[in-house]
Structure formats: structure tokens, C-alpha cells
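Participant: Pasting a structure here, questions to come.
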Amino acid sequence: MRRAFLHISALTRSRKKDATELKSTLSFLARGADASKTLANLLDAKLNGDSSTGSISAPSEKKHVDNVLKVLNATLPNEKVSAKRVQDHYDVFFHQLKALVQRIPQATATSVNRKAGTRSTENVDLLSRQVDYKHLTGEELYQRLMLLHLMHKLTTVEMIKIILSKQFDQVTKLKDNMSLFAPEVRLDISILLFYRTHDAELWNTYYAMWVEHFSSLSIPMKRLFWRCVYHRGEVEDTIALLPDWNINELVVMYQSLFKNANLLPIYHDTIPVSKSNCDLFMRTLRLLSSQDPQYESYLVKVVKLSIEAKISDATEMSIQRQYKFTTSLHLVLHDLYNKTKSTSLQAEIQDIFLRIDREEKDLKTQMSLKFT
């Protein structure tokens, strides 16, 4: 009915013949010459034939009913228009696909010969696994993305490489065609696009869906998700919304935001004993991230150790793997302890050394009991 009134309002303001007839009908209904001549009764008589109430006795009344029906029918969805819109959409889509397939044998990329200072051209298969992304244009990267998607070969790694490539300049085009992708792929693409552009519209559209489907995101996407959330300054608010928040997700967040670990929430009291290596990892990151940027290389080393040891895995770590991570962390911090001239940093590292020593003794005890 709202669309009907909007249509009536627009039509009565025009100067067309239909507008004059409609005004006449509205005037007729407003006068209410006969109690039986209500709109409902007149329409009922029109649709079902004359009845005891609301029979149409004059041609003028029939004309008024026709005018009302014309307005109501005008507000109904136009099936032909909708079908044409869908057909146009697929025509464009498959035309693009055909063009891409035809271009594959002729697609070329330019590589720069730095020594000779000349440019050479070589054939490039946009579906090849060995394709060099650095030598593809933004349009070719977009074509590769679409082709891999259509062939069901689009992986998370491929999406990251393509969308975060420096040459990828088809952000608006990809954003406009998001509906072509399955919902789960759309989530990944939206995270990548927001990470790249910080577009508020993307955040407003997809944030709730990111949170709702957080547990189904891959680890690389979760890392990018946390960087997006940190950029918006909504880390703690987001944690409160996540249904399955646990120590493993906490570790992934620290790995993702390691440069700002000292600004992240602390949950030391809630970390189970079986995950004490996670506690060591986060304490180390918080310490190093609060220091001078010159120690960033040590931050990177600690994060790499945690990823290699898979301390964020949902499954329980083996004693051997825990011991390997703990001893490797000790070696990294020992190297920093010997190289730094900051006495305050050395004191903080010594405190972590004490925790590492206790952890190593406990793990050695467990290993000896296991193999006796």
C-alpha cells in the first residue's frame, strides 16, 4: 500500500490524462455519495460480479474502479522487468567469461630486464600455477580471480595474493560483483577488501557477518580480521561478541597484532596449565612490543616459533613439541639479553627466564614419567 500511495502522489502531480482521471476517482471516493459505494465494495463487485452490496450501476463507477485497479496493478512487481534484469546480468557475466577464455592464449605480461634495461614479452596462462603476479596487470589479476572462482579452484591463498597485490586496481569492480560469489567466499573477499581500503561501507555491511561466522574463517582470514578490528579500535567489543572465544583464538589474535601486543587484553588468570606455553608466548610479545622498534626482529622470531609449534591448535600439544617451543623461546630471548644494553629490559627478560625454567623442569618430569 505504501508503494500505491507513492504512485498516486507522483501521478496526481503530473499533467497526464491518467492524472486527471485519477483525481476524478479520488474525488468520487471522497464524496461518498452512497454508503454502499465504498472502495472495497466496488472492487468486490468488479471482481465477483454484481452483488447485493456494491453493484456497479453506472459506467462512470466502472471507470473509477478501473482507475483504482490500474494504480494497484502498477505497484506490483513487474515479472518481465525482473526476468530481463536477471537475464542481462547473466548475459554480461557469460560475455565476460567468454572474453576471458578467448584471451588466455593471447594474454601477455611484461617483464623488466634490469640488467639490459629492456622489456620482453612472454605468453602468460592466467590459470597457470606458476604465474608471476608481479607481471600481471590489475585487469588480468581480476580475470584470474574470476576464472579460478568459476572453475571452483579459488583458494584462500589465491584470494590473498590477488586482492592484496600492489597491481590490483579493480577494487570497485570486485565490490560491485560480490553477489557472484558464494556467501563464505564473499566473507573472505569482504575482509580482504576492507583490510586494503578501510571502506566504512564494507565494515557496516559485513562486520556482523564476520562476527557471526568467525569460527568458520580460516586462520589467515582470522589474522586479517583482527587487523581490521584493531584498525577500528573495537578489539574488546568484538571479543565480547564472539560465541566461541578461547585460548587458541587469543593466541591467533596476539600473533596477528604482535606489534601492538602490549595494548591487547590480558587473560593470564584464565589460561589453563596445559597451555602455559601460550602464556609464555603472550608475556614475551607484550614485553617486546613495548620496547624500542629496534627489537621488532625478535618479535617476528617469537611469532614464527609459535606458528611452527602450532601452539594455537585446538588439539593438545605433545610434550615434545611444548618442550621444543620453550627451549627455542629461551634461545631467542637469551640472544636478546646478551645484545641489549637496557638493564630494565634485561630484568624483564630474567623474569621470563624463571618462568621458562619452571616450564622446562615440569616438561622434563612429564617426559621422564611417560617413558619409564
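The values are calculated or read from the model by the stated rules, or taken from the named source; none is laboratory data. Note that the structure is a prediction, hence the values are computed from the model and not measured. Because the Cβ atoms are built from the backbone with ideal geometry, glycine has one as well, and the counts that use them run over all protein chains shown.
Participant: Which one is farthest from Gln366 (Cα to Cα) among residues in the stretch 300-335 that are among the polar types (S, T, N, Q) and in a helix (DSSP H, G or I)?
Facilitator: Ser306
Here's the yes/no breakdown for (1) under 14 Å from Asp279 (Cα atoms); (2) loosely packed, with under 13 Cβ neighbours inside 10 Å; (3) not hydrophobic (A, V, I, L, M, F, W, C):
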site	(1), (2), (3)
Phe325	yes, no, no
Val332	no, no, no
Tyr337	no, no, yes
Leu345	no, no, no
Glu348	no, no, yes
Ile352	yes, no, no
Lys370	no, yes, yes
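Participant: Can you pull out the residues in the stretch 302-337 that are at pLDDT 95 or above and more than 17 Å from Arg283 (Cα to Cα)?
Facilitator: The one that is at pLDDT 95 or above and more than 17 Å from Arg283 (Cα to Cα): Asp335.
Participant: Go over the candidates Lys301, Lys310, Lys275, Lys324 one by one and state the one that is assigned by TED's automatic domain parsing to the domain that holds Met367 and on the phi > 0 side of the Ramachandran plot.
Facilitator: Only one candidate qualifies: Lys310.
Participant: Given the stretch 146-250, what helices (runs of 4 or more DSSP H) lie entirely inside it while holding 1 or more residues that are under 30 Å from Tyr267 (Cα atoms) and not assigned by TED's automatic domain parsing to the domain that holds Ala261?
Facilitator: Here the list reads 183-197, 200-212, 219-232, 235-241.
Participant: Note down all Cβ pairs under 7 Å where the first residue falls in the stretch 279-305 and is farther than 16 Å from Asp335 by Cα, the second is among the acidic types (Asp, Glu) and at pLDDT below 95, and they're at least six residues apart or on different chains.
Facilitator: Leu280/Glu359
Participant: Residues of the stretch 205-221 being under 11 Å from the mean Cα position of the chain (by Cα), surrounded by 13 or more Cβ atoms within 10 Å (Cβ to Cβ) and over 17 Å from Asn246 (Cβ atoms), which ones?
Facilitator: Thr205, Tyr206, Tyr207, Met209, Trp210, Met221
Participant: List every residue pair whose Cβ atoms lie under 7 Å apart, where the two residues are 6 or more positions apart in sequence or sit on different chains, the first residue falls within the stretch 156-183 and is more than 18 Å from His198 (Cβ to Cβ), and the second residue, located anywhere, is in a loop (DSSP other than H, G, I, E, B) and of a type outside the set (D, E, K, R).
Facilitator: Here the result reads Thr156/Ser218; Ile162/Phe168; Gln167/Leu136; Gln167/Thr137, each pair linking the stretch 156-183 to a residue that is in a loop (DSSP other than H, G, I, E, B) and of a type outside the set (D, E, K, R).
Participant: What pairs come out if I take residues in the stretch 189-201 that are of a type in the set (D, E, K, R) and pair them with residues that are surrounded by fewer than 19 Cβ atoms within 10 Å (Cβ to Cβ) whose C-beta lies under 7 Å away, six or more apart or interchain?
Facilitator: So the pair list comes out as Arg196/Leu164; Arg196/Val171.
Participant: Another question about this same structure. Output the residues belonging to the stretch 133-156 that are aliphatic (A, V, I, L, M) and either over 17 Å from Asn177 (Cα atoms) or surrounded by fewer than 17 Cβ atoms within 10 Å (Cβ to Cβ) (or both).
Facilitator: Leu136, Leu150, Met151
Participant: Could you list all residues from the stretch 348-372 that are in contact with a helix residue (DSSP H, G or I) (Cβ under 9 Å, 6 or more places away or on another chain) and of a type in the set (Phe, Trp, Tyr)?
Facilitator: Residue satisfying the conditions is Phe353 alone.
Participant: A follow-up question, please. Filter the stretch 206-246 for residues that are among the β-branched types (Val, Ile, Thr) and touching an Asp or Glu at 6+ places or on another chain (Cβ under 9 Å); which is farthest from Asp169 (Cα to Cα)?
Facilitator: By that ranking, first place goes to Ile239.
Participant: Consider Leu180 carefully, then state whether it is out of contact with any Ser or Thr (no Cβ under 7 Å at 6 or more places or on another chain), modelled with pLDDT of 90 or more and under 26 Å from Ala208 (Cβ atoms).
Facilitator: Answer is no for this residue.
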